[in-house]
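Student: After the structure tokens below, expect a handful of questions from me.
The values are calculated or read from the model by the stated rules, or taken from the named source; none is laboratory data. Being a predicted model, the structure only gives us computed values, none of them experimental. Backbone-built Cβ (ideal geometry, glycine too); neighbour counts: all protein chains shown.
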Amino acid sequence: MRQVLWLALLSVLCFHAQRSSSRSLTLFYIQFSIGFFSFIDAAAYSKSKKNGSDYHVNFVDWIPGICSALGMLVINSIDKGRLAADSFSYSGNGVAWKARLVLFLGFALMAGGLAGSVTVLVLKYVVPGAVFPTLWFGVANVVANGLIMLRYVIVDRTFG
């Protein structure tokens, strides 16, 4: 089942890569997809019959991903032209300051998601002494949030 899901993900990404005009953005989309898919794979494995441990992915494991997803939505809602706007290009005063504040809140949500995933990894899996493949549930959470945050940091600095 896992191989089928990975093949489906790769086929969709390869289709996007053929149609994309920018190869570097395609690599960022692949990084973003692998980040989300690694955690979904760990969550599916934790509920399967192959998981022989008492550890399962619960709602606590999903909270850092939800924070990262909300941070993505906040960052994507900002028009990048408003970050350097002055009072002549948009109506109102302090448009650039307000846009930068909202952008900071989006990155803070994503950083909180990454810190939360590390906290869940340490407190739920490392301290009690979980071993691989059970430890993968926490590692996948950190990998997912780290790749998602890295994707937005690099894209906003490079193409922003």
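Student: Of the conditions (1) surrounded by fewer than 15 Cβ atoms within 10 Å (Cβ to Cβ); (2) modelled with pLDDT under 85; (3) more than 14 Å from F137 (Cβ to Cβ); (4) not polar (S, T, N, Q), I66 satisfies every one except a single condition; which number is it?
Tutor: (2)
Student: Can you find a residue in the range 92-100 that is at pLDDT below 90 and within 15 Å of V142 (Cα to Cα)? Walk me through it before giving the result.
Tutor: Filtering the range 92-100 down to residues at pLDDT below 90 leaves 92-100.
Filter once more, keeping what is within 15 Å of V142 (Cα to Cα): none.
No; the residues of the range 92-100 include none that is at pLDDT below 90 and within 15 Å of V142 (Cα to Cα).
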